[in-house]
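J.: My structure is below; once you've seen it, I'll send some questions.
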Amino acid sequence: MNSVLIVEGEKAARLAICRILQKEGFNVIEASNGKEAVDYFKKNAPLSVILDLKMPVMGGIDTIDRLKSIDASVPIIVVTGLNDAFSVMETMRLGAYDFITKPVEPAKLVSSVKRGVEKLRMEREAARLTASGDESIESIFGRSPAIRKAIERLKQVAATDFSVIIEGETGTGKTFLAKAMHNMSKRAGKAFVKIDMGAIPLTLMESELFGYEKGAFTGASFTRKGFFESADGGSIFIDELENAPPIVQSKLLGVVEDKAVYRIGSRRPIVMDIRIIAATSADIQESITEERLREDLFYRMGEFVIKLPPLRERTEDIMFFAGKFLEESAAELGQPVKELDAKTIDSLTGYHWPGNIRELKNVIRRAALLSGGSAIKAEHLELSFGKDEKEKDGKGLSPFKGLHLVSLRDSVSAVEKEMIIKALESTKNNKAKAASILRIDTKTLRSKIQEYGIESYSECDVSADAQ
């Protein structure tokens, strides 16, 4: 059923949300408190849940915890008048998909629900395919020889309890691969907890990962589980492992070896049954050499390593995914599937795709919208190397004409490196401000600094980033 469960104590607010979603074709189920929601959820899990935090009988935080223990895959969207940092962090820690403050913007709510439902459907389809070992798993990851090797390694390790490290650039599908590994294992149906090391503030990292005891520090008014305890019985996925500070990597080593954690303020180990999967967007050997990743942690955690090749190294998959995303976009926009002319195909296969599959999907969706009802052309792609560049002969011809893949890639890299250097110079090495100017996130900037060997800016002052 195309159902969404709405949990809201105030009848007027509940009815308003119901009307918004019913107009979009969703079947709406109402609950006035957390207990009613849990009772319904046990019998028939919906495609999504929308709930408030402040409710009678059972509060929102407890309700999320209960719902996630029943089925952790269903996206939960918090819609509330509370907007304090604690509420946001606590709901995200418990696995809420999104956090929207009142008054509700209909378009924002509808977009969040649709994205959450689509994510759930993709995960369920991946689970169906991977659990059966169906070869059509290639339709999700690609069909090139390079990706088939990664799929074969996935099938070899999935059913074991080996700890795994997935190496691959941003946008290559590391999270999706980790989720597929979980779904193919004996832990399928149990908790799958994802930790993004680049998204947790350094001051909160230890408490978020390992939890804390009541009174352990000022403000610790109750005992709280960390991410690792929440994953007990299931799998924990540590993304951007290289971003963990040394003290946390040291503690992670102990967790991997002993399968136990110590909450902050406690000397009692809490033993867990978990499978650890980690991912890094940086080259592992370089991270070890540059001492951003502990060598002993890698050897202990990397019992099995899977490398996801970037899209530029498997050009056979570019047109495969382009066609797939084109069909999806046509269905989303209610339009017939459009054609790609020869010049568009050359542009797609000749681009270096720094954002990999994620970037390709965004490019195709945007092009489908911009093209209207006509065939998709090169100018609809809006690729990041710049559609207004002129050729060296000054004739103003298309930047694609007469260029080879290697020369194009080198040209893009040279321009990108120069832009990064200028941004760092203008901000006095403040990576956060430089990233804002370049319209990328700080993690991507750090990766680019390493990639281009911008030595004089590779160790910018950490305190400057926070200013």
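The values are calculated or read from the model by the stated rules, or taken from the named source; none is laboratory data. These numbers were taken from a predicted model, which means no experiment stands behind them. Cβ coordinates were reconstructed from backbone atoms using ideal geometry, including for glycine residues, and neighbour counts include every protein chain displayed.
J.: Yes or no: segment 80-89 includes at least one residue that is in contact (Cβ under 8 Å) with a residue 40 or more places away in the chain and either among the aromatic types (Phe, Trp, Tyr) or more than 26 Å from Lys23 (Cα to Cα) (or both). Explain how you work it out, then say what you get.
T.: Within segment 80-89, the first condition is being in contact (Cβ under 8 Å) with a residue 40 or more places away in the chain, and the residues that meet it are 89.
From the residues that got through so far, the ones that are either among the aromatic types (Phe, Trp, Tyr) or more than 26 Å from Lys23 (Cα to Cα) (or both) too are 89.
There is at least one residue in segment 80-89 that is in contact (Cβ under 8 Å) with a residue 40 or more places away in the chain and either among the aromatic types (Phe, Trp, Tyr) or more than 26 Å from Lys23 (Cα to Cα) (or both).
J.: Quick check: anything in segment 299-318 in a helix (DSSP H, G or I), of a type in the set (Phe, Trp, Tyr), within 28 Å of Asp196 (Cα to Cα) and under 23 Å from the mean Cα position of the chain (by Cα)? It would help to see each step written out before you state the result.
T.: We begin by selecting, within segment 299-318, every residue in a helix (DSSP H, G or I); these are 299-301, 311-313, 316-318.
Filter once more, so that each one left must be of a type in the set (Phe, Trp, Tyr): 299.
After this cut, where a residue has to be within 28 Å of Asp196 (Cα to Cα) as well, the list is 299.
This time we only want the ones that are under 23 Å from the mean Cα position of the chain (by Cα), so: none.
Looking for residues that are in a helix (DSSP H, G or I), of a type in the set (Phe, Trp, Tyr), within 28 Å of Asp196 (Cα to Cα) and under 23 Å from the mean Cα position of the chain (by Cα), one finds none in segment 299-318, hence no.
A quick yes/no check of all residues on (1) among the hydrophobic types (A, V, I, L, M, F, W, C); (2) surrounded by fewer than 17 Cβ atoms within 10 Å (Cβ to Cβ); (3) more than 19 Å from Phe176 (Cβ to Cβ); (4) outside the structural domain of Ile277 (by TED's automatic domain parsing):
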site	(1), (2), (3), (4)
Asp296	no, yes, yes, no
Asp317	no, no, no, yes
Phe321	yes, no, no, yes
Leu326	yes, no, yes, yes
Ala330	yes, yes, yes, yes
Leu333	yes, yes, yes, yes
Pro336	no, yes, yes, yes
Leu340	yes, no, yes, yes
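Okay, residues lined up against (1) of a type in the set (D, E, K, R); (2) at pLDDT 90 or above:
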| site | (1), (2) |
| --- | --- |
| Tyr97 | no, no |
| Glu138 | yes, no |
| Ala159 | no, no |
| Ala178 | no, yes |
| His182 | no, yes |
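J.: With respect to Thr218, is the statement that it is touching a residue at least 24 places away in the same chain (Cβ under 8 Å), among the β-branched types (Val, Ile, Thr), surrounded by fewer than 18 Cβ atoms within 10 Å (Cβ to Cβ) and not assigned by TED's automatic domain parsing to the domain that holds Gly453 true?
T.: Working: touching a residue at least 24 places away in the same chain (Cβ under 8 Å): no; among the β-branched types (Val, Ile, Thr): yes; surrounded by fewer than 18 Cβ atoms within 10 Å (Cβ to Cβ): yes; not assigned by TED's automatic domain parsing to the domain that holds Gly453: yes.
No; evaluated as a whole, the condition is false for this residue.
J.: So how many residues does segment 67-99 have that are closer than 23 Å to Leu204 by Cα and loosely packed, with under 15 Cβ neighbours inside 10 Å?
T.: 4
J.: Also, I was wondering about something else. Output the residues belonging to segment 79-89 that are over 11 Å from Leu53 (Cα atoms) and in a helix (DSSP H, G or I). Don't jump to the end; show me each part of the working.
T.: Pass one, segment 79-89, residues over 11 Å from Leu53 (Cα atoms): 84-86, 89.
Correct list: Ala85, Phe86, Met89.
J.: Considering each residue of segment 27-59, count those that are surrounded by 22 or more Cβ atoms within 10 Å (Cβ to Cβ) and in contact (Cβ under 8 Å) with a residue 40 or more places away in the chain, and give that number.
T.: The number of residues fulfilling the criteria is 7.
J.: Within segment 187-203, track down each residue that is surrounded by fewer than 17 Cβ atoms within 10 Å (Cβ to Cβ) and among the aliphatic types (A, V, I, L, M).
T.: Listed by number, the residues that qualify are Ala188, Ala199, Leu202.
J.: So Ile437 clears everything in (1) at positive phi; (2) at pLDDT 50 or above except one condition, right? Which one?
T.: (1)
J.: Also, quick follow-up: Restricting to segment 1-35, count the residues that are part of a strand (DSSP E or B) and small (Gly, Ala, Ser). Give the steps one after another, and end with the answer.
T.: Residues of segment 1-35 that are part of a strand (DSSP E or B), as a first pass: 3-7, 27-31.
Retained after the next criterion (residues that are small (Gly, Ala, Ser)): 3, 31.
Total meeting the criteria: 2.
J.: Got a sec? Which of Gly95, Gly116 is in contact with a helix residue (DSSP H, G or I) (Cβ under 6 Å, 6 or more places away or on another chain) and either in contact (Cβ under 8 Å) with a residue 60 or more places away in the chain or on the phi > 0 side of the Ramachandran plot (or both)? Before the answer, list the steps.
T.: Values: Gly116 fails: in contact with a helix residue (DSSP H, G or I) (Cβ under 6 Å, 6 or more places away or on another chain).
Checking each option against the conditions leaves just Gly95.
J.: Only one residue in Val363, Val415 is at pLDDT 50 or above, among the β-branched types (Val, Ile, Thr) and surrounded by fewer than 17 Cβ atoms within 10 Å (Cβ to Cβ), so which one is that?
T.: Working: Val363 fails: surrounded by fewer than 17 Cβ atoms within 10 Å (Cβ to Cβ).
Just a single option satisfies the conditions, and that option is Val415.
J.: Please go through segment 435-453 and pick out each residue that is surrounded by fewer than 15 Cβ atoms within 10 Å (Cβ to Cβ) and more than 22 Å from the chain's Cα centre (by Cα).
T.: If we filter segment 435-453 for residues that are surrounded by fewer than 15 Cβ atoms within 10 Å (Cβ to Cβ), which is where we start, we get 439, 453.
Answer for segment 435-453, where residues must be surrounded by fewer than 15 Cβ atoms within 10 Å (Cβ to Cβ) and more than 22 Å from the chain's Cα centre (by Cα): just Gly453.
J.: Another question about this same structure. For segment 171-186: of the residues being basic (Lys, Arg) and buried (at least 20 other Cβ atoms within 10 Å of the Cβ), which is farthest from Lys155 (Cα to Cα)?
T.: In the first step, residues of segment 171-186 are kept if they are basic (Lys, Arg); the result is 174, 179, 186.
Next, only the ones that are buried (at least 20 other Cβ atoms within 10 Å of the Cβ) stay: 174, 179.
Numbers: Lys174: 15, Lys179: 13 Å.
This residue is Lys174.
J.: How many residues does segment 257-285 contain that are exposed (fewer than 14 other Cβ atoms within 10 Å of the Cβ) and closer than 21 Å to Asn243 by Cβ?
T.: Of the residues in that region, 1 qualify.
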